[in-house]
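These notes are about the structure you will find just below.
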Amino acid sequence: MNIYRTSLIGAGLAVLVGFQMGNGQAGKQSGRDLQQIERGRYIVKIGGCNDCHTAGYAEAGGETPESDRLKGDILGYRGPWGTTYPTNLRLSIGKMTEDQWLNYAKNLMTRPPMPWFNIRAMTDADLRALYQYVKSLGVSGTKAPAFMPPDKQPKPPYVQWPGVK
């Protein structure tokens with residue numbers, strides 16, 4: 001019985017280490033770091049970040065592979081402010097230190113439909129957890145299309161908001 005239990009524990013540890021090595025996490029993150037990443041994952045999920053910043057997330061019922069998340073989207077949002085596009089958070093946050101991200105987030109003010117006021121209302125601890133999660137995903141993807149002023153017609157696809165003539 002003891003040999004069986006030891007074998008099970010050993011197999012479980014081998015699977016865990018193999019999984020972490022496959023994700024580039026082996027030896028890099030402490031238990032506290034992993035807790036921060038999990039907290040950040042939760043904040044991104046309940047905060048609706050994936051709804052816009054992950055292409056196809058809503059259509060997939062939230063089942064988009066994590067490797068494809070937070071890379072921005074080419075789907076534009078056109079309104080009286082012009083046309084905005086969801087930023088590739090993995091690229092933008094990937095260029096910042098944690099303290100730079102904190103300062104940026106606390107002073108964020110963007111165009112609709114980004115709810116910048118929700119980001120500014122987050123606690124420092126939540127912002128740090130969000131940062132750790134995004135950083136754990138790695139830098140990936142391409143830059144989102146640039147903002148277009150209201151007098152310019154965007155290429156599809158885009159969501160038309162009321163108020164545009």
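The values are calculated or read from the model by the stated rules, or taken from the named source; none is laboratory data. This one's a predicted model, so the numbers in the text were calculated from it and none came from an experiment. No Cβ is skipped: glycine too gets one built from the backbone with ideal geometry, and neighbour counts run over all protein chains shown. Just so you know, the surface numbers come from the protein's heavy atoms only, side chains and all, with ligands and any DNA or RNA stripped out. Shrake-Rupley method; radii C 1.70, N 1.55, O 1.52, S 1.80 Å.
Of the residues that sit in region 19-59 and are assigned to a helix (DSSP H, G or I), surrounded by 12 or more Cβ atoms within 10 Å (Cβ to Cβ) and modelled with pLDDT under 95, which one is farthest from the chain's Cα centre (by Cα)? The residue in question is GLN20.
Entry remark, region 60-104: residues being open to solvent by less than 30 Å² (accessible area, probe 1.4 Å), touching a Phe, Trp or Tyr at 6+ places or on another chain (Cβ under 7 Å) and in a helix (DSSP H, G or I) number 2 in total. Of the residues screened, PHE147 is one that is modelled with pLDDT of 95 or more, in contact with a Gly (Cβ under 8 Å, 6 or more places away or on another chain), aromatic (Phe, Trp, Tyr) and under 18 Å from HIS53 (Cβ atoms). If you go through region 97-113 and keep only what is among the basic types (Lys, Arg) and farther than 13 Å from TYR131 by Cβ, you end up with just ARG111.
Being of a type in the set (D, E, K, R), more than 12 Å from ALA144 (Cβ to Cβ) and touching a strand residue (DSSP E or B) at 6+ places or on another chain (Cβ under 6 Å) is a description that does not apply to ARG32. Among the residues of region 141-159, is there at least one that is open to solvent by less than 60 Å² (accessible area, probe 1.4 Å) and assigned to a helix (DSSP H, G or I)? No, region 141-159 contains no residue that is open to solvent by less than 60 Å² (accessible area, probe 1.4 Å) and assigned to a helix (DSSP H, G or I).
Scanning region 105-120 for residues that are open to solvent by 80 Å² or more (accessible area, probe 1.4 Å) and free of Cβ contacts under 8 Å to residues at least 60 places away in the same chain gives ASN107, MET109, ARG111, PHE117, ARG120.
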